[in-house]
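The structure appears right after this line, and notes come after that.
Since every read-out is calculated from the coordinates, none of them should be taken as a lab result. Only a predicted model underlies this, so the values are computations on that prediction, with no experimental measurement involved. Here the Cβ is made from the backbone with ideal geometry for all residues, glycine too, and neighbour counts use every protein chain on show.
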Amino acid sequence: MQESFIQAYPKLLQPSVAVAGLWLAHGDEPLLHQWLIDALRPHWRAQNYARKRIELVSVKSWQEVLSELGSQSLFDDASALIVTGNHKPDKAVIAELERFAVDAQTGAHSHSLLWLTPKQDRRAQSSKWFAPFAQYGNVIDCNLYNEQQRQQLLQIQAQQFGLRLSQEAWQLLMSHTEHHLLSAYQTLWRLSYLFAPQLADNNKQLAANTPEANDKSSTSVNTSANVALDITDLQAALVSDAQFSVFDLSDAMLAGNSAQVAKIIFQLKATDEPTTLVLWAISKDMRHIMALLDGQDPQALGIWRSKQGLYQQASRRQSKAQTAEWPTLIYRCDQAIKGVVRQPAWELLLQAALELSGQRLFAA
């Protein structure tokens, strides 16, 4: 059976999962490999599996794998092997793996083999070594192909941490972490200690294999107890010790107060406010104003009722000819933040913020 990680992972979080047989997880995202192991570990523990890791240093290492699977322990019901490395099995080992998988399906043994490999292309998946895993085992594609899959997976992790983020909060989180999976996951972990410390401690115990975790018969989470976070909560958690926040910057830009805009930008820079957060605030307001100039309804855009007047006021200061240059300016800011261009990021952020407030630094 072949599945994507986003399909297989929620199933592994259920209370009862059959883990015997062959498992192959291929992909270039190490974090997904680790999450897969974390999801399988409670099932191995509950079913009294002895766990061991083997690194494939050559094709001959497969003999060690087969020998380990054939050994019996007086204290454990079965073995779970985590195999890493990209050395493919030879013809004889392939035959043994196929026999191993068939015996697991018939209940002749309960051993489990999980092989973690880099991403395998279509040509590799048509090879003979791949066949036993695809026909008799479980193949999991540990790759994320679009932003929707990334957010879906992070939403599952947020639920496990006891959190439920609004759509705007998700947009801010992904912008702040530059769509990096590990950074977003670490941010969720930190948020869990701020807003759902009890569930965060439970997850820490599970990750550490503590005795308390051994009593867990299920990895599922009661999502009804999740803490709801909106963009204000997330902003408060991400903001450092700045005197001003990006919300203050937004208000000043929309009000057309260019002097206050410059003051806030300088203060945010002095306190090392993340440039990604500042760019997120500026680009969000720019997109809203461009949409309003196109005749879209502010309520349909998700603009808070209390700020609709500010957005309408800001849109009257702009024209479509002026705002047509904004996407290019946002892109240059993003390049500067990532170090692709030499121009200082804060210099471009100031230019963009002043443009939005109605103060152009450079003539067209």
Quiz item: Does anyone have the angle between helix 345-357 and the longest principal axis of the chain? Alpha-carbon axes, 0 to 90°, nearest 10?
Solution: 50
Exercise. Find, among the trypsin sites (Lys or Arg not before Pro) in segment 80-141, those assigned to loop by DSSP (not H, G, I, E, B) with at most 16 other beta-carbon atoms within 10 angstrom.
Key: Lys119
Quiz item: Any idea how far apart Gln7 and Ser67 come out in nm if each label point goes 7 Å out from Cα toward Cβ?
Solution: 3.8
Quiz prompt | Reported label for calculated Cα extents along the principal axes in Å given (1) 76, 44, 37; (2) 62, 55, 39; (3) 65, 44, 37 | solution = (1)
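Which order do the peptides 321-331, 31-41, 244-254 come out in when sorted by mean C-beta neighbours inside 10 angstrom, highest first?
Working: 321-331: 14.1, 31-41: 18.6, 244-254: 21.6.
Per-residue Cβ counts within 10 Å, averaged per peptide and sorted highest first, yield 244-254, 31-41, 321-331.
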Quiz item: Dipole size in debye (nearest 20) for the chain around its Cα centre, Lys and Arg Cβ +1, Asp and Glu Cβ -1?
Solution: 540
Exercise. Taking 7 Å along the Cα-to-C-beta vector as the label spot, tell me the Thr84-Arg99 distance in nanometres, rounded to one decimal.
Key: 3.0
Quiz item: To the nearest 0.05, what FRET efficiency results for Leu293 and Asn257 with a Förster distance of 25 Å applied to their C-beta separation?
Solution: 0.75
Practice problem: Give the peptides 45-57, 130-142 in descending order of average Cβ contacts within 10 Å, highest first. | Solution: 130-142, 45-57
Exercise. Taking the dipole about the Cα centre of the chain, with the C-beta of Lys and Arg at +1 and of Asp and Glu at -1, give me whichever of Ile156, Phe244, Ser315 is farthest to the positive side.
Key: Ser315
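Beta carbons within 10 angstrom, averaged per residue: use that to sort the peptides 293-300, 149-156, highest first.
Numbers: 293-300: 11.4, 149-156: 17.2.
The packing order, highest mean first, is 149-156, 293-300.
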Quiz item: Which lysines have a Cα less than 24 Å from the Cα of Lys11, not counting those fewer than 8 places away in the same chain?
Solution: Lys52, Lys119, Lys204, Lys216
Quiz prompt | Value of relative contact order over segment 2-141, rounded to a whole percent, pairs C-alpha under 8 Å and six or more apart | solution = 41
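Can you check what the net charge comes to around Gln149, using other residues whose Cβ is under 12 Å from the Cβ of Gln149 (Lys, Arg +1; Asp, Glu -1)? Please list the in-between numbers first.
On the way: positive: Arg150; negative: Glu29, Asp141, Glu147.
Surrounding charge for Gln149 is -2.
How much length would be gained if the chain were fully extended between Gln267 and Gln313, taking 0.36 nm per residue of separation minus their Cα-Cα distance, in nm to one decimal?
14.0 nm
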